[in-house]
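A short worksheet on the structure shown next.
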There are 2 protein chains.
Amino acid sequence: MGSTFIHTYVSVDCVVFGFDHENRLNILLVQRFLDALPAEKQKKLPGSLILSDEDVDDAAQRVLHELTGIKKMVLKQFKCFADPLRASNTDDIQWMDKEYKHNIDRIITVAYLSLCKIDHKINSSKYDTVDWCPIDKVPSLPFDHNQIIEESFVEIKRWIEYDFSIIFELLPKKFTIRQLYQLYNALSEKQIDIKNFHKKISSFNYIIPLNEIEKGVSHRAARYYKFDAKVYKKNNNKLIK
Amino acid sequence: MGSTFIHTYVSVDCVVFGFDHENRLNILLVQRFLDALPAEKQKKLPGSLILSDEDVDDAAQRVLHELTGIKKMVLKQFKCFADPLRASNTDDIQWMDKEYKHNIDRIITVAYLSLCKIDHKINSSKYDTVDWCPIDKVPSLPFDHNQIIEESFVEIKRWIEYDFSIIFELLPKKFTIRQLYQLYNALSEKQIDIKNFHKKISSFNYIIPLNEIEKGVSHRAARYYKFDAKVYKKNNNKLIK
DNA sequence: TCAAAAGTGTTCCTTCTACACCCATGA
DNA sequence: TCATGGGTGTAGAAGGAACACTTTTGA
């Protein structure tokens, strides 16, 4: 009986979302180095084995910090991926040997979702190359990273559903209602008329109009707004129905 | 660097919910045997280490099958618990040694939520004692099982929110609208007037009225209804707002 | 006859939806 | 002046909330 239970290595992988100026969702990918493969095939999700005295949440925070230089990022654990064959590709095995100097027989990973304002400066202490990649242009990735990204997309939609406020983690501090609308459209199944969206959003007391408007647009300039997290929390607001 | 990454043992633990005749949520607990402790302190969540060639979902299905005799139970992975100190209690270490014959240095667990009609016969192939326990009467449990149960309660509420149909996994095949109402009340923050609830529920085409009514009640007998999963799926129904 | 819950109907009110209308700006 | 999007107003539809009223049953 004893031998059928094995110990495994445990890692965390992070899917960091950003929202770009062309209204596309992007995720952060890093480079992995493996001589056998051409450069364009070496992207992967940022991740790491967990340390011996480290909880998975801490490991994910560590990975995010090493990735972006940001100390406390919003994050959410969403699923453990543990297919016994998820790391059976020979390239992947080779890469793990080189990266961790262990003979790894099995590895499971705990996947995290995180959000980042896409203009925030990325200052990685660990990775040489950290790039935003539009979610519909993600190349073929090692391990089950493509599947992880797919499921993270379902998860982020669900997250917005029950905590609308996290949407503002993806927007600049000053944003127009159109920006918020585009982002909401990218993250929700529900189709709302933009006029009604505008009316509704601007009626919320946690959406603060600023005295600043867009510049250089060839139509009436839109007002900038900011999100007031304190007011939001106080009012115990629900999501948009 | 190599030595700071350690391998760990990975288990699954299952929180199985049931809804009893006093309108209380219950969960299934099993007995663990450890000479040093009095009998009433030996309850725990059903669980197991994962096998060497087993995905976590499969491990959870296996645990549920060994627990209840039911082959395919509705289940949902909800969180990986990995506090480095979660298995540092000496009783727990002793028990693991005895149960698994391994010298386990660290164990993380993937927690699952499952639902069971409380009248279903429990036919365990692994555990001598399997008991329903009201969720507000759960004793102090080993490892972090109390915390797992607490978080599973939050999770089941969320689950109902985005897939209302799973509520019927907890009800008998024939149920009255009052039963559904009591269960919904136990699982939702929203307070609905029972009359309006009645009207709304009976308007759904996936709630089928039967030609059978309650017997022996000292008031007007309620009609029994059943849930039609096919109609529900076809209509792509949303939850109760 | 009373109590208790089933089940239906009605009214009020809030929110959603669609769309009309005017405003501001660059080309 | 035109196109484009910002922003407001309004009318109708849909759905939720509160509650009155009738029905059924056992005690």
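Evaluated with a Cβ-only charge set (Lys, Arg +1; Asp, Glu -1), chain A carries a dipole of roughly 1600 debye about its Cα centre, given to the nearest 20.
Simple rule: put +1 on each Lys or Arg Cβ and -1 on each Asp or Glu Cβ in the protein assembly as shown, find the dipole, and look at B:21, A:17, A:45; the Cα lying farthest toward the positive end is B:21.
For the protein assembly as shown, give the magnitude of the charge dipole about the Cα centre (Cβ charges: +1 Lys/Arg, -1 Asp/Glu; no others), in debye to the nearest 20.
On the way: 72 positive and 66 negative charges, 602 e Å.
Computed charge dipole of the protein assembly as shown: roughly 2900 debye.
Considering only beta bridges that DSSP places wholly inside chain A, some 75 percent are antiparallel. Projecting the Cα atoms of B:192, A:147, A:130 onto the charge dipole of the protein assembly as shown, computed from C-beta unit charges around the Cα centre, puts B:192 farthest toward the positive end. In terms of its C-alpha gyration tensor, chain B comes out prolate, because a/c is 1.5 or above and the ratio a/b outweighs b/c.
The angle separating the long axis of helix B:90-100 from the principal Cα axis of greatest extent in chain B is about 90 degrees. In the structure shown, the pairs B:43/B:173; A:190/A:233; A:226/B:157; A:71/A:157 are assessed against 28 Å; a Cα-Cα span above that value is assigned to B:43/B:173; A:226/B:157. Residue by residue, the range B:218-228 carries 3J(HN,Hα) couplings of 8, 6, 3, 6, 8, 7, 8, 10, 10, 9, 9 Hz when phi is fed to the Karplus relation 6.51 cos²θ - 1.76 cosθ + 1.60 (θ = phi - 60°); x denotes Gly or Pro.
Listed by chain and number, the aspartates and glutamates whose C-alpha is less than 16 Å from the C-alpha of residue B:126, apart from same-chain residues fewer than 8 away, are B:13, B:66, B:99. Under the classification rounded if a/c is under 1.5, otherwise prolate if a/b is larger than b/c and oblate if not, where does the protein assembly as shown fall, given a ≥ b ≥ c as square roots of the Cα gyration tensor eigenvalues? Because a/c hits 1.5 or more and a/b fails to exceed b/c, the protein assembly as shown counts as oblate.
All of the numbers you see were taken from the coordinates with simple rules; none came from a lab. Given the structure is predicted, the values throughout are model-derived calculations rather than measurements. All Cβ positions, even for glycine, are placed from backbone atoms using ideal geometry, and neighbour counts span all protein chains on display.
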